[in-house]
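Just so it is clear, none of the values below were taken in a lab; they were calculated from the coordinates. Not measured: the values here are computed from a predicted model. Don't worry about glycine lacking a Cβ; one is built from the backbone with ideal geometry, like all the others, and counts go over all protein chains shown.
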Amino acid sequence: LDTVDEILTGNDHVAAVVFQGNDIAPPEFIRGLRELTTTHGVLLIFDEVVSGFRWSNAGCQGRYGITPDLSTFAKILAGGLPGGCVGGRADVVDTVGEGGIRHPGTFNANPLSAAAGSTALGIVERDGIVETAEKQAVRLKDGINQVLQSMEIPGGAYGVSSIVMVSLGTPVDTDDPHAVPVGVEQGGRPVANEVLDQLQLAIINEGLWTHPASMILSSTHSDHDIDETVNKYEAGLQAVRSSGLI
């Protein structure tokens, strides 16, 4: 935050600060961005393409109670069809179409995407989709952490909401969803990319198609799916260990 403050102080060339909603950051850091941008008179924009309707029914901003000036949404927003939107303060959004900013587009106001998105968001709100996906993410993190502990591999599964990150070789506080792996200067020793590549091949051979360091859960993942994922992940780690890479 001190660096952001330093950049914004006396700088009239910065129009906005963009925060990616699915970046793992302590809530107090995000609140600090809100305070700094307000103080310096620049816009705060949330990129909620991934976190929108995943971090909560109201995205990252809803989960933490922070209101940005503008927000971008896509993916879940359009219910599986192409689509995205920008929303925010009326005095900013209303500059589009009033002669200030032109925004032409072939798929602007596409009725099919709008109908699919409206229906999908209704289901998200009605059926507790966010809560279900997050519950399954907790199950997956717990399972992977048990595997890492039993195999005595430093690291851990962590992450916010229904996104699961896995640190291998570098400790992370798995009790804090906003924690990040310790840096090299604190003794962290992340595994080489070669190890991750081999682990990915190993878990694919086990029938698990995912990246070994980043997984996104949905409400359709069952307990059986999660348990199978943990078992196949463990088998992949064992295969990599047998080759002497971990």
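Couplings for the stretch 70-82, taken from phi via the Karplus curve 6.51 cos²θ - 1.76 cosθ + 1.60 with θ = phi - 60°, read 9, 9, 10, 9, 6, 6, 4, 3, 9, x, x, 9, x Hz in order; Gly and Pro are left as x.
In the chain, helices alone account for a calculated mean residue ellipticity at 222 nm of -13000 deg cm²/dmol, with every DSSP H run of four or more residues adding -39,500 (n - 2.57). Computed from Cα positions, the angle between helix 193-205 and the longest principal axis of the chain comes to roughly 80 degrees.
If you take all other residues with their beta carbon under 13 Å from the beta carbon of D91, and give Lys and Arg +1 and Asp and Glu -1, the sum is -2. Sequence-ordered 3J(HN,Hα) estimates for the stretch 88-96 from the Karplus curve with 6.51, -1.76 and 1.60 and θ = phi - 60° stand at x, 4, 4, 5, 8, 4, 5, 6, 7 Hz, glycine and proline given as x. The protection proxy used here, the mean number of other Cβ atoms lying within 10 Å of each residue, ranks peptides 138-144, 122-128, 77-83 as follows, highest first: 138-144, 77-83, 122-128. Each residue of the stretch 50-58 was assigned a 3J(HN,Hα) from its phi angle through the Karplus expression (A = 6.51, B = -1.76, C = 1.60, θ = phi - 60°), giving 9, 6, x, 6, 10, 5, 6, 4, 10 Hz with x at Gly and Pro.
Multiplying the residue separation of N231 and T67 by 0.36 nm and removing their Cα-Cα distance gives an extension gain of 55.0 nm.
Its relative contact order, with pairs defined as Cα atoms under 8 Å and 6+ residues apart, puts the stretch 2-127 at 20 percent.
So between D23 and S222, what do we pick up on full extension, going 0.36 nm a residue minus the alpha carbon distance?
Details: separation 199, 0.36 × 199 = 71.64 nm, distance 2.59 nm.
Result: 69.1 nm gained on full extension.
For the pair D94 and K135 in one chain, pulling the backbone fully straight at 0.36 nm per residue adds 10.9 nm over the alpha carbon distance. Each Lys and Arg contributes +1 and each Asp and Glu -1, all at the Cβ; summed about the Cα centre of the chain, the dipole is approximately 520 debye. Of Q200, Q149, Q61, the residue with the greatest mean-square motion in the GNM of the chain, using alpha carbon springs below 10 Å, is Q149.
Axis angle, to the nearest 10 degrees, between helix 129-150 and the longest C-alpha principal axis of the chain: 30 degrees. Once you have a ≥ b ≥ c as the square roots of the Cα gyration tensor eigenvalues for the stretch 129-242, tell me rounded if a/c is under 1.5, and otherwise prolate or oblate according to whether a/b is larger than b/c. Since a/c reaches 1.5 but b/c is at least a/b, the shape of the stretch 129-242 is classed as oblate.
In the stretch 116-246, Cα pairs under 8 Å separated by at least six residues give a relative contact order of 26 percent.
Once backbone amide H atoms are built at 1.01 Å from N, A16 has L43 as its partners under 5 Å, excluding neighbours fewer than 5 places away on the same chain.
Which of the three applies to the stretch 2-127, rounded, prolate or oblate, going by the alpha-carbon gyration tensor with a ≥ b ≥ c and a/c under 1.5 meaning rounded? Oblate, because a/c is 1.5 or more while a/b does not exceed b/c. Taking the centroid of alpha carbons for each part, the stretch 39-87 and the stretch 216-244 are 31 Å apart.
Across the chain, the relative contact order, built from alpha-carbon pairs under 8 Å that are at least six residues apart, equals 14 percent.
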